[in-house]
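Accompanying notes for the structure given below.
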Amino acid sequence: MKTYKILIPVFNDWESLLSLLNNINALKINNIAYLKILIIDDCSTEILNKNIEFESFTDVEVIKNLKNIGHGKSIAYGINYLSKKNDFDYLIVMDGDGEDRPEEVKELILKSFDLPSLTITANR
């Protein structure tokens with residue numbers, strides 16, 4: 001089974017992030033793919049509630065930027081960080097604010113089965 005890393009930059013919007021993760025979890029794709037989540041906290045001023053449960057996501061990593069560097073640079077930082085770890089087969093980048101549709105995660109995963117050597121992109 002292939003591993004898909006979902007990179008999500010976040011600034012203060014923890015409730016939307018939790019909703020996004022729960023909606024991804026509701027897709028029931030854990031039988032076709034292993035998901036790992038990397039959250040880049042862009043120096044949020046609202047503290048992440050340590051009691052937040054990420055449902056059945058067993059592999060959630062949160063990295064906090066030392067200063068606010070913005071959405072794009074947070075994504076670049078996350079990609080650089082992940083390139084050194086190399087613990088996944090595919091990367092999916094999503095916004096944590098609820099603008100990206102979680103159901104498209106499953107579509108991207110299924111498309112990667114058909115075209116494993118291609119880069120697949122989606123836009124909204």
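Please treat every number below as a calculation from the coordinates, not as lab data. Being a predicted model, the structure only gives us computed values, none of them experimental. Please note: Cβ atoms are built from the backbone with ideal geometry, for glycine as well, and neighbour counts cover all protein chains shown.
Here are a few things to note about the model shown:
- Computed from Cα atoms, the angle from the helix 14-25 axis to the main principal axis of the chain rounds to 20 degrees.
- The chain: most fluctuating residue of Leu21, Leu108, Leu91 per GNM, C-alpha cutoff 10 Å: Leu108
- Computed from point charges on the beta carbon alone (+1 for Lys and Arg, -1 for Asp and Glu), the dipole magnitude for the chain about its Cα centre is near 460 Debye.
- Eligible lysines near Lys64 by straight Cα distance, threshold 21 Å, same-chain separation 8 or greater: Lys5, Lys36, Lys50, Lys73, Lys84, Lys85
- Helix 103-114 vs. the chain, principal-axis angle (Cα, 0 to 90°, nearest 10): 40
- For Ser44, the residues 5 or more places off, or on other chains, whose built amide H falls under 5 Å of its own are Asn12.
- Taking GluC sites (Glu not before Pro) across the range 57-120, the ones in a DSSP loop with at most 13 further Cβ atoms lying within 10 angstrom of their Cβ are Glu99.
- In the chain, the longest principal axis of the Cα atoms and the axis of helix 71-85 are about 60 degrees apart.
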